[in-house]
1. Search the structure for amide H atoms under 5 Å from the amide H of VAL20, placed 1.01 Å from N in the peptide plane, and list their residues when 5 or more places away or on another chain.
2. So for each of 66-74, 21-29 I average, over its residues, the number of other beta carbons within 10 Å; can you give me the resulting order with the highest mean first?
3. How large is Rg over Rh for region 65-118, taking Rg from the Cα atoms and Rh as the Kirkwood inverse mean of 1/r across Cα pairs?
4. Could you give the length gained by full extension between TRP99 and THR23, i.e. 0.36 nm per residue of separation minus their alpha carbon distance, to one decimal place?
5. Could the peptides 52-62, 78-88 be put in order, highest first, of the mean number of other beta-carbon atoms found within 10 Å of their residues?
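No value in this document is a laboratory result; all are computed from the given coordinates. Bear in mind that the values here come from a model prediction, so they are computed numbers and not experimental data. Please note: Cβ atoms are built from the backbone with ideal geometry, for glycine as well, and neighbour counts cover all protein chains shown.
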Amino acid sequence: MPERTSAEVESLWEEFHHAVTMTSQELRTWLLTEASGEVAFPADPDLRLPDVGRHVVGILGKRKVDLTDEDTRIMRQVVEFVSERLADPPAEGAQNERWRHELMTVGHDPLKPEGGTA
């Protein structure tokens with residue numbers, strides 16, 4: 001993988017924290033609820049968290065200088081996913097709730113005010 005410049009990491013860090021509007025605790029709790037499709041609070045909760053969501057929880061607990069290449073890959077993936085979903089919201093109705101839940105699995109709650117977790 002090509003080396004990342006500090007400017008690229010800084011920009012990605014800002015984009016990621018703008019896209020992720022939930023705290024690590026809010027996201028972890030959401031991922032463990034039945035509403036997210038997981039069994040509520042299994043014996044070893046980290047084993048049942050969706051991969052991207054689990055990574056986002058971990059990244060939220062890190063400092064910029066501690067990011068790995070895998071972290072930056074996940075951060076880009078989350079920023080792109082959130083941007084794509086927000087660009088094409090569904091009409092009101094049942095699809096709206098599913099759309100919101102998809103976004104919440106990566107840490108973006110469209111009902112929370114803008115500003116992110118930075």
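1. Here the answer is THR117, since their amide H atoms fall under 5 Å of that of VAL20.
2. Numbers: 66-74: 14.7, 21-29: 18.3.
Descending packing order for the listed peptides: 21-29, 66-74.
3. Details: Rg = 12.8 Å, Rh = 12.4 Å.
Ratio of gyration radius to Kirkwood radius for region 65-118: 1.04.
4. Details: separation 76, 0.36 × 76 = 27.36 nm, distance 1.94 nm.
Full extension from TRP99 to THR23 adds 25.4 nm.
5. On the way: 52-62: 18.9, 78-88: 14.4.
Most protected by this proxy first, the peptides run 52-62, 78-88.
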